[in-house]
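The values are calculated or read from the model by the stated rules, or taken from the named source; none is laboratory data. Bear in mind the structure is a predicted one, so any value in this text is a computation, not a measurement. Glycine also receives a Cβ, built like all others from the backbone with ideal geometry; neighbour counts cover every protein chain displayed. When the accessible area is computed, the model is the full protein with side chains, heavy atoms only, and any ligands, DNA or RNA have been set aside. Shrake-Rupley method; radii C 1.70, N 1.55, O 1.52, S 1.80 Å.
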Amino acid sequence: ETGVTQTPRHLVMGMTNKKSLKCEQHLGHNAMYWYKQSAKKPLELMFVYNFKEQTENNSVPSRFSPECPNSSHLFLHLHTLQPEDSALYLCASSQSYQETQYFGPGTRLLVL
Amino acid sequence: GQQLNQSPQSMFIQEGEDVSMNCTSSSIFNTWLWYKQDPGEGPVLLIALYKAGELTSNGRLTAQFGITRKDSFLNISASIPSDVGIYFCAGQDLSDDKIIFGKGTRLHILP
């Protein structure tokens, strides 16, 4: 138990669906991150929020829309995804931006 | 661009053997982190290193921050079945403070 929880753990969706991934951290951290992990690829940083403000968006397609209502919660809203978006989506948090990150268990997403 | 090379990509060892893996970077890092990821789970932090030359242990795991600040290694002694998984290194680049991850070393243990 790392103090970072993610729901759902597994998600199957069609290309026309809209769904959201949720991340919550109980560590009192101020920075939160979304990563995409595909098979045989390094972790890809998608978004970073620091004190609820988005500080990084690494050229992520607009079909992924993050939301950070407070320092403890982070959402990733998904709409009109493609099959190649199937991956493990990991949330992480750190005390401050770019400090040591602690990961959640991930959401395994399958887009049909 | 920033590059982090982790090797080996995968390892097959006998239970009880010692394991060594390493990461090298093209630039100077001020932090090295080692994570382990079990199947279907997120990476879990094993060891964090913050000073050049630092040698830190966590049970059977030992990691070192290289003197050149461009490399780090992780050793596992007397491997056991639950050591199976993917080990990732991560480093924080001194020039821009960005943390980047290696591609991982997949450890397999033969019975």
For region B:1-72: relative contact order, % (alpha-carbon pairs under 8 angstrom, 6 or more apart): 26 percent
Cβ charges +1 (Lys, Arg) and -1 (Asp, Glu), total dipole of chain A, debye: 380 debye
Positive-end residue of B:T24, A:T2, A:T80, charge dipole of the protein assembly as shown with Cβ unit charges: A:T80
Gyration tensor verdict on region B:4-84 (Cα atoms; rounded if a/c is under 1.5, prolate if a/b is larger than b/c, oblate otherwise): prolate
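For the protein assembly as shown, what does the alpha-carbon gyration tensor say about shape, rounded, prolate or oblate, given a ≥ b ≥ c as the root eigenvalues, a/c under 1.5 as rounded, and a/b over b/c as prolate?
Prolate is the answer for the protein assembly as shown, as a/c is 1.5 or above and a/b outweighs b/c.
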Residue-level accessible surface for A:T7, protein heavy atoms, 1.4 Å, Å²: 80 Å²
Dipole magnitude of chain B, debye to nearest 20 (Cβ charges: Lys/Arg +1, Asp/Glu -1, about Cα centre): 200 debye
Length-normalised contact order for chain A - Cα pairs under 8 Å, 6+ apart - percent: 38 percent
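Using only alpha-carbon positions, what ratio does the radius of gyration of chain A give when scaled by 2.2 N^0.38 Å?
Rounded to two decimals, the normalised Rg is 0.98.
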Residue-level accessible surface for A:S65, protein heavy atoms, 1.4 Å, Å²: 50 Å²
For the protein assembly as shown, cysteines whose Cβ has no other cysteine Cβ within reach (under 4.7 Å): A:C68
Inter-chain Cβ neighbour average for residues A:99-107, partner chain, 10 Å: 5
Residue-level accessible surface for A:E67, protein heavy atoms, 1.4 Å, Å²: 80 Å²
Other protein chain Cβ atoms within 10 Å, averaged over every residue that makes up A:37-46: 4
Set of region A:83-112 residues, backbone N closer than 16 Å to the point 7 Å along the Cα-Cβ line of A:E53: A:96-98
Calculated on alpha-carbon atoms, Rg and Dmax of region A:28-87 in Å: 12.0, 35
Alpha carbon centroid spacing (whole Å) that separates region B:1-48 from region B:55-74: 10 Å
